[in-house]
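No value in this document is a laboratory result; all are computed from the given coordinates. If you're wondering where the values come from, they're calculated on a predicted model, not measured in any experiment. So basically every Cβ, Gly included, is an ideal-geometry build from the backbone, and we count neighbours across all protein chains shown.
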């Protein structure tokens, strides 16, 4: 690096920027949301990963952390919220309930058996509820996934 | 224990048919007062000055009848007391009761929950809707003969590929009493 010049591929620069400024949606469903709040607070501090700006509307968010039990009543709302988010958007399924129904896996008549029934999920974080460290690891996995995306290549080369 | 209360209910409300229910052999719990379902509202009007708080309305499905229990209490530090009033509904298709919201305001949400879970409708209820399940939900979840619907708004309630077959197999074998099969099966799974 000389004279303030940085050489990088445009794709990589874009992905680097996007992965380090994920804006999650302020959205919690159950006890996992308490862990998500702890992760966002000062001790674990999601802001270190550029992911601390919890947006109060889905239209400004690009990450949905589904934290908690998704009941069938809520599943319709979750789908609407996901559809309101602008592309590109990502979903982290946090905790056993959102992953596969959790303790309500067979006899919970009112629980959706995994949020991936209604929205596509990028990262699953297991645990009941997961510790903040687990959510941070899930976030870092998602960041790796985003860093490997080639947005312009997809748009201008592959899909011409 | 409630003999004085029962006589006063019977003298104040005609057709109340108040009787004492005591726990039978091998049962636990307190004794309670059983009344006629048609006279619920009248009895509650009579009891309001004696018991100032409604704590809970709960339902129980005994398959022959649906029982609705009212837990009343009196919050007087000098003489705290409580009573459990029960009534039994024989009709399982469309059980009906009079709403007591005009007497105890706390009954509003309690009766909605009873309607949501057991399908007991309450006449003259100010806001007669389901409270927890979605409005277009089918069936009454806490009834003994409840079968969950397969699809809700295009979402499968119990998708085949997400059900745990191993647990079901284990239960089936356990009920059949095939212990040798059970052990062989568990070994094959590495459990």
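Is it possible to state the helix-based mean residue ellipticity at 222 nm for chain B, with each DSSP H run of 4+ residues giving -39500 (n - 2.57), the sum divided by total residues, to the nearest 500 deg cm²/dmol? What is it? Don't skip to the answer; put the middle values down first.
Numbers: 5 runs with 52 residues, N = 191.
Rounded to the nearest 500, the figure is -8000 deg cm²/dmol.
With N set to the residue count of chain A, report its C-alpha Rg divided by 2.2 N^0.38 Å to two decimal places.
Taking the Cα Rg and dividing by 2.2 N^0.38 Å, one obtains 1.12.
What's the average, rounded to a whole number, of partner chain beta-carbon atoms within 10 Å of each residue's beta-carbon in B:16-27?
Mean shielding count: 0.
Spin-label point model (7 Å from Cα, Cβ direction): what's the residue B:129 to residue A:9 distance in nm?
Once both label points are built, they end up 5.4 nm from each other.
Give me the three principal axis extents of the protein assembly as shown from the C-alpha atoms, as integers in angstrom, largest value leading.
On the principal axes, the protein assembly as shown reaches 100, 56, 41 Å in Cα extent.
Given segment A:29-160, what percent of its DSSP beta bridges are antiparallel, to the nearest 5?
10
Nearest-5 percent of antiparallel DSSP beta bridges in the protein assembly as shown? All intermediate terms of the calculation are to be shown ahead of the outcome.
Numbers: 23 of 39 bridges.
About 60 percent, rounded to the nearest 5.
Under the rule of -39500 (n - 2.57) per DSSP H run of 4 or more residues, summed and divided by the residues of chain A, what mean residue ellipticity at 222 nm is obtained, to the nearest 500 deg cm²/dmol?
-10500 deg cm²/dmol
For segment A:99-129 and segment A:23-98, what is the separation of their C-alpha centers, rounded to whole Å?
The two parts, judged by their Cα centres, are 15 Å apart.
Using a 7 Å offset from the Cα along the Cα-to-Cβ direction at both residue B:28 and residue B:60, what is the distance between the two label points in nm, to one decimal?
In this crude spin-label approximation the distance works out to 1.4 nm.
Which residues in segment A:78-122 place their backbone N less than 12 Å from a point set 7 Å from the Cα of residue A:145 along the Cα-to-Cβ direction?
The answer is A:89-94, A:116, A:120-122.
Running a GNM on chain A with Cα contacts under 10 Å, which residue among A:118, A:70, A:91 ends up with the highest mean-square fluctuation?
Most flexible of the set in this elastic network: A:118.
If I model a spin label as a point 7 Å beyond the Cα along the Cα-Cβ vector, how far apart are those points for residue B:171 and residue B:186 in nm?
Here the answer is 1.8 nm between the modelled labels.
If you take the Cα atoms of segment B:3-143, find Rg, then find the Kirkwood Rh from the mean of 1/r over all pairs, what is Rg/Rh?
My calculation puts Rg/Rh at 0.96.
Angle, helix B:107-118 long axis vs. longest principal axis of chain B, Cα atoms, 0 to 90°, nearest 10?
For B:107-118 against chain B, the angle is about 40 degrees.
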